[in-house]
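Following: one structure in structure tokens, then a few remarks.
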Amino acid sequence: MNSITARRRHPLARYAVLLLALCLVGGAYALLSPTGDRADAAIASGKNDDVANGKALFDVNCSSCHGLNAQGIPGRGPSLIGVGAASVDFQVSSGRMPAANSEGPQAPRKNPPEWVDEKAIDDLAAYIQSLGGGPTRPTADQVDPAKGDAAKGGELFRANCIQCHNWAGAGGALTGGKYAPNLNESTPTQIYEAMITGPQAMPVFNDSTITPEQKRDMIAYIVKIREQTDPGGSGLGRIGPVTEGLVGWIAGIGLLILAAIWITAKKRSKKRAKA
Amino acid sequence: MTETENTGTPEERVPRRVIGTPVPGGQPNGRPGGQVGVVGGTETEVHEAEPGTGVVFPDPASARRAERLVALLFLVAFLAGVGFIVSYVAFQVGDIDSTATSNFALGGTMTLAFLSLACGIVVWVRRIMPKYNLVQERHPMASDPAVRDEVAKVFVQGAEESGFVKHKLLRRTLLLAAAPLGLAPLVLLKDLGPLPGTALRHTVWKQGMRLVVEGTGQPIRAADFNSPGGILSVVPEGYEHDLNALAKATLILIKLRPEQFKSGTNLNWTHDGIVAYSKICTHVGCPAALYEQTTNHILCPCHQSTFDATDGAKVIFGPAARPLPQLPITVDAQGYLVAQRDFLVPVGPSFWERGDAEAEVRGQA
């Protein structure tokens, strides 16, 4: 304690205190900020791959918001009639649904609850598809990035997607606390399903205006971009000049200022003077 | 700033001084610009050559240590410099990967060389060279009154002798000669032109021109663009790669349910729930195309101007002053979306001569 008291007037002390305070605030925020923890009870899924099993899953996990017949409950959840199997696969496999434990204006991507497996999604999708049709899930061939043309897809992606999702698929802010998610965590199937179903605030890009081949090209572009290494070592989230400028100003110029202070500082000798 | 820091007990503090004030208790300020000592000589490891001169020599032991450190840094700089030359030869460029390796090696070695050189010099200056405490006097800038009187006298005398006042003809022709040269820079301003004329008021859209998808160039059949909540970025057919034209003519095409439209939208300019707005924000011209299908808001990413797609792209938030202009669209005989005509009002941000184009359009109607 004595040594701290002795050094409290050191020229670098104020910077150290500032740094410490910033770290404390940041750490406290990281600890206290809301995290979506999943408390959904795992339920045993049935053995029959059929609509009835999907209906059972729906009744237990989804009906509290979407209604017992998937007709929707005003103020809680929309009607699921006609949204199709693609919507179910996208929302459930990416953990966005069930959204009961999600806080804030957006249903975020999260780990799906324990009851969600491939079979459960198949059954649920079959049930929803049976209600009113809608977009179906793409085949593996339709979303194979190896078969797409990344150059053509890039052109379409830059024309229609980057305004929200950023040119490298890193996502970005929307209005009222909503945001366009990072595409680099999504599977090719989920990207395709998002385009044809328009989940949450995202617009729909249906197959008659952006053909399935063109969607595959865009998926190829996204996957290709994702695999690129960042020449500078860190992409800084690839969210563009704001972060890069921030790092440049704070880290770069901050270091230069500290160096300038050190170079011109008068040498101290209080320890020896005291001794 | 370190001058005012407390270094220990109050007795040992260096008194706070403003440059130019007399030295407290020191020698008189007889020599302008001379060196005046202000450091108390109580430190044990520094040797002040002569109290009052302000020169402080470093402790020899510390200086020897510093010398070794500086020599080491210079040696590192030398090795890094050699490394730079070696990497230039060793890492040949060609494809992207080898060029990246070469850049990394060259940049890394050069950074190391300059950094250690700089660090060495700083340590040298700080720990080996003697320190001076300098006080620079500040004097009045003006010359003394006698000199100023003399200059004024000489000037007036020169003016009289030149005859500038006496010879009217000379004076007037001289001013005449200077006049056109003074005007010349104003004439050169013309090269900033020509004025844009009506170019800012028109885009390439005209009657019957097809809307095509940006990126693929396919025309759009109205019946295909049939999912409410859909949006497309659209350009005029034939101008897909003409960036000057696209800078004004690019559109966003939005499909809504017909019952969603509010009074701000001109329904005669829509087709079956499909409405076309200029993609160029009316604030400063960024591409405004972030579209939320849940709220039907079009958001401009630059300054968060928000437009309501159902209500004629009315501004509901942000700095934009006007709605995004709506392009009149219809379908041709084959069912493809085409323009009815050009925009009625200028697209994009305001300009000086724009006037209230919206009011003019309402006046015509």
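We did not get these values from a lab; they are worked out from the coordinates using the rules stated. These numbers come from a predicted model, not from an experiment. Positions of Cβ are backbone-derived with ideal geometry, glycine not excepted, and every protein chain shown enters the neighbour counts.
Structural remarks
- Against chain A, whose longest principal axis is taken from its Cα atoms, helix A:212-227 shows a tilt of about 20°.
- The charge dipole of chain A, taken about its Cα centre with unit charges on the Cβ of Lys, Arg, Asp and Glu (plus for the first two, minus for the last two), comes to roughly 3080 debye.
- Couplings 3J(HN,Hα) for the range A:154-170, derived from phi with the Karplus relation 6.51 cos²θ - 1.76 cosθ + 1.60 (θ = phi - 60°), are x, 4, 5, 4, 5, 7, 10, 10, 5, 4, 9, 8, 6, 5, 10, x, 7 Hz, where x marks Gly and Pro.
- In plain terms, if you count all Cα to Cα distances in chain A and split them into 5 Å steps from zero, the share in each step is 1, 5, 9, 12, 13, 12, 10, 8, 6, 5, 4, 4, 3, 3, 2, 1, 0, 0 percent.
- Selected from A:Pro112, B:Val56, A:Ile162, residue furthest toward positive end of dipole (the protein assembly as shown; charges at beta carbon): B:Val56
- Each part gets one Cα centre, and for the range B:129-174 versus the range A:142-174 those centres are 70 Å apart.
- Here is the list for the range B:199-264: trypsin sites (Lys or Arg not before Pro) lying in DSSP coil, each with at most 15 other C-beta atoms within 10 angstrom of its C-beta, are B:Lys206, B:Lys262.
- Using alpha-carbon coordinates, inclination of helix A:118-132 to the longest axis of chain A, degrees: 60
- Relative to the 2.2 N^0.38 Å rule of thumb, the range A:167-275 has a C-alpha radius of gyration ratio of 1.82.
- Estimated FRET transfer efficiency (A:Leu18, B:Ser98; beta-carbon r; R0 45 Å; 0.05): 0.55
- For the protein assembly as shown, calculated [θ]222 nm from helices alone, where every DSSP H run of n ≥ 4 adds -39500 (n - 2.57): -12000 deg cm²/dmol
- Relative contact order (%) - the range B:202-350, alpha-carbon pairs under 8 angstrom, separation at least six: 27
- When the protein assembly as shown is reduced to its Cα atoms, the Kirkwood hydrodynamic radius in Å: 32.6
- Chymotrypsin sites (Phe, Trp or Tyr not before Pro) restricted to DSSP loop in the range B:267-365 with at most 16 other C-beta within 10 Å: B:Phe351, B:Trp352
- The fraction of Cα-Cα pairs per 10 angstrom bin, counted from 0 for the range A:75-181, comes to 13, 32, 39, 16, 0 percent, rounded to whole percents.
- Inter-chain neighbour count for A:154-165: the average number of beta-carbon atoms from partner chains within 10 Å of each residue's beta-carbon is 5.
- Spatial separation of Cα centroids for the range B:222-280 and the range B:293-357, in angstrom: 9
- Label point distance in nm, A:Thr264-A:Asn111, each placed 7 Å from Cα along Cα→Cβ: 5.3
- For chain A, the longest principal axis of the C-alpha atoms and the axis of helix A:84-93 are separated by about 30°.
- Only Lys, Arg (+1) and Asp, Glu (-1) charged, at Cβ; the range B:202-350 dipole about Cα centre in debye: 260
- Taking the Kirkwood radius as Rh and the Cα radius of gyration as Rg, chain B has a ratio of Rg/Rh equal to 1.27.
- Computed from the Cβ-Cβ distance with R0 of 30 Å, the FRET efficiency linking A:Val25 to B:Thr294 stands at 0.35.
- FRET efficiency for the pair A:Trp249 and B:Phe317, taken as 1/(1 + (r/R0)^6) with r the Cβ-Cβ distance and R0 = 30 Å, rounds to 0.55.
- Computed over the range A:138-230, the P(r) curve from all C-alpha pair distances, binned at 10 Å from the origin, holds 17, 56, 24, 3 percent per bin.
- Tensor-based shape of the range B:93-238 (alpha-carbon gyration tensor, a/c under 1.5 rounded, otherwise prolate or oblate): oblate
- Neighbour-count ranking [beta-carbon atoms within 10 angstrom, fewest first] of B:Leu290, B:Leu183: B:Leu183, B:Leu290
- Axial C-alpha extent at least 18 Å, average Kyte-Doolittle at least -1.0 - helices from chain B (DSSP): B:60-90, B:96-127, B:145-162, B:168-188
- Among the cysteines of chain B, B:Cys119 have no other cysteine beta carbon within less than 4.7 Å of their own.
- Tensor-based shape of the range B:202-350 (alpha-carbon gyration tensor, a/c under 1.5 rounded, otherwise prolate or oblate): oblate
- Site pair B:Val284 and B:Lys131 shows an inter-label distance of 4.7 nm when each label is modelled 7 Å from Cα along Cα→Cβ.
- Cross-link table A:Lys110/A:Lys224; A:Lys215/B:Lys279; B:Lys206/B:Lys255; A:Lys119/A:Lys178; B:Lys206/B:Lys314; B:Lys190/B:Lys314, entries beyond 28 Å C-alpha to C-alpha: A:Lys119/A:Lys178; B:Lys190/B:Lys314
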